[in-house]
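Single-structure report; data block below.
The values are calculated or read from the model by the stated rules, or taken from the named source; none is laboratory data. Keep in mind the model is a prediction, meaning the values are calculated, not measured. In this analysis, Cβ positions are derived from the backbone assuming ideal geometry, glycine residues included, and neighbour counts consider all displayed protein chains. Quick note on the areas: whole protein, heavy atoms, side chains included, nothing else; ligands and nucleic acids left out. Shrake-Rupley method; radii C 1.70, N 1.55, O 1.52, S 1.80 Å.
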Amino acid sequence: MVNATPYLFWITSRAAGIAALVLASLGVAFGLLMATKLLRRRGPDLIVVHEILSVSTMAAIAVHGLSLLFDSYLHPSIAGIAIPFVGSYKTVWTATGIIAGWSLVILGLSYYARRSSASSAGAACTG
C-alpha cells in the first residue's frame with residue numbers, strides 16, 4: 001500500500017486546479033449561452049448557475065494556491081503563488097496561471113461591484 005500523506009497537498013493542488021479550469025470553462029459557456037436568443041427567456045435561471053460557477057471557480061483557485069503553500073516539493077512563498085514571475089518553478093507557465101487566476105477573480109468580483117454601483121445609482125436617482 002502506498003502512503004499518500006507526503007503527496008496530499010500536491011494532489012489537492014492539482015485537483016483544485018483542474019476543478020477551477022473545468023468550472024471556469026463551464027462559467028464562460030453559461031455566460032455565452034445567456035447572450036444567445038435561444039436561452040434569453042431562461043435568463044434568471046442561468047444567471048444563478050453562472051454566479052454559482054463563478055464563485056466555485058474562485059474557491060477552487062483559492063484552494064489551489066493555498067494548498068501549494070504546503071507542498072513539500074515546491075516550497076513556494078506567498079509571493080511565489082500570488083505575484084507573477086516571482087516563483088522559480090516553470091516561471092512562464094506559473095506566471096500565466098497566476099495572471100489567469102487573478103483575472104478570473106477580478107472578473108468574478110466585478111459582477112458584485114457593478115450590481116452594487118447600479119443599485120446605489122438607482123437610489124441616488126430616486127432620492
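Return one number: the angle in degrees, 0 to 90 and rounded to the nearest 10, between the long axis of the Cα atoms of helix 43-68 and the longest principal axis of the Cα atoms of the chain. The angle comes out at about 20 degrees.
On a per residue basis, the chain carries 71 Å² of accessible surface, using protein heavy atoms and a 1.4 Å probe.
Looking only at trypsin sites (Lys or Arg not before Pro) in DSSP loops with at most 15 other Cβ atoms within 10 Å, what is the longest site-free stretch of the chain?
38-89
Across the chain, C-alpha contacts under 8 Å between residues 6 or more apart give a mean separation that, scaled by the residue count, equals a relative contact order of 24 percent. Among the chymotrypsin sites (Phe, Trp or Tyr not before Pro) found in the stretch 20-84, those both in a DSSP coil and sparsely packed, with 11 or fewer other Cβ atoms within 10 Å of their Cβ, are Tyr73.
Ordered from highest to lowest accessible area with the whole protein assembly present and a 1.4 Å probe, Ile98, Ile61, Ile18 read as Ile18, Ile61, Ile98. Ligands, DNA and RNA left out, the 1.4 Å accessible surface of the chain is 74% carbon and sulfur atoms.
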